[in-house]
1. Only one residue in Ala145, Ala117 is of a type outside the set (S, T, N, Q), part of a helix (DSSP H, G or I) and within 30 Å of Arg61 (Cβ to Cβ). Which one?
2. Among the residues of the range 64-110, how many are under 30 Å from Ile33 (Cα atoms), surrounded by fewer than 20 Cβ atoms within 10 Å (Cβ to Cβ) and not aliphatic (A, V, I, L, M)?
3. Please verify whether Ala73 is at pLDDT 90 or above and among the small types (Gly, Ala, Ser), treating the condition exactly as stated.
4. With (1) farther than 30 Å from Thr155 by Cβ; (2) modelled with pLDDT of 90 or more; (3) loosely packed, with under 15 Cβ neighbours inside 10 Å as the list, and Arg61 as the residue in question, which single condition is left unmet?
5. Does any residue of the range 20-28 turn out to be at pLDDT 85 or above, touching a Leu at 6+ places or on another chain (Cβ under 6 Å) and either closer than 19 Å to Ala156 by Cα or not in a helix (DSSP H, G or I) (or both)?
6. Taking only the range 30-51 into account, find how many residues are more than 16 Å from Ile101 (Cα to Cα) and under 14 Å from the mean Cα position of the chain (by Cα).
7. If you scan the range 46-93, which residues turn out to be without any contact (Cβ under 8 Å) to a residue 12 or more places away in the chain and basic (Lys, Arg)?
8. Going residue by residue through the range 77-93, is there one that turns out to be closer than 22 Å to Ser40 by Cβ and either assigned to a helix (DSSP H, G or I) or in contact with a Gly (Cβ under 7 Å, 6 or more places away or on another chain) (or both)?
Amino acid sequence: MLSIRIDSAAGRTSLGGMAAPLNELVPVLQVAISPVILISGVGLLLLSLSNRFGRAVDRSRQLAREMRQLPPADRQRLSEQVRILYRRAALIQLAITMAAISVLLAAVLIISLFLIALMGWKSGVLPLSALFIGCMLSLILSLLAFLREIHWSLTALKLELEPPAEG
């Protein structure tokens, strides 16, 4: 069984027989705060993205019902809107996936920080750097997909606001 023991007189923490000075763990806790805040912020981004995804799917279903009731000649305009909504939903899905990967990498980064400190490993800089860079790249890709989805949202709005073509 794994046990954690803190010897405040000696300033050491023991995790199942592995010892790390408490004064070495405090900076680790301070460094781990940034990824935790990142996780919180990306969680809010994921909430926003999932709401946008739900709205895009609901609007697509609504337009599909309307298309079934229109004569074939009038379906082109709604068909274009559904096509744009599908593209938007795909971009939102990509943004959600990349944001989730960013959160997962941040969580692995936090765990790695503690393991490196507890085990006393000295060669942890490269793996930690790779995790942080991967986390940030995933977040950047998520935000780029989000910005592209917003562009398509405005394109769909413009199409919807155009007067119908006289036939």
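The values are calculated or read from the model by the stated rules, or taken from the named source; none is laboratory data. Since this is a predicted model, take the numbers as computed values, not measurements. Heads up, the Cβs are rebuilt from the backbone with ideal geometry, glycines too, and the neighbour counts pull from every protein chain shown.
1. Ala145
2. 2
3. Criteria not met by Ala73.
4. Among (1) farther than 30 Å from Thr155 by Cβ; (2) modelled with pLDDT of 90 or more; (3) loosely packed, with under 15 Cβ neighbours inside 10 Å, the lone unmet condition for Arg61 is (1).
5. Scanning the range 20-28 turns up no residue that is at pLDDT 85 or above, touching a Leu at 6+ places or on another chain (Cβ under 6 Å) and either closer than 19 Å to Ala156 by Cα or not in a helix (DSSP H, G or I) (or both).
6. The number of residues fulfilling the criteria is 2.
7. Arg55, Arg61, Arg65, Arg68, Arg75, Arg83 - these are the residues of the range 46-93 that are without any contact (Cβ under 8 Å) to a residue 12 or more places away in the chain and basic (Lys, Arg).
8. Yes, the range 77-93 has at least one match.
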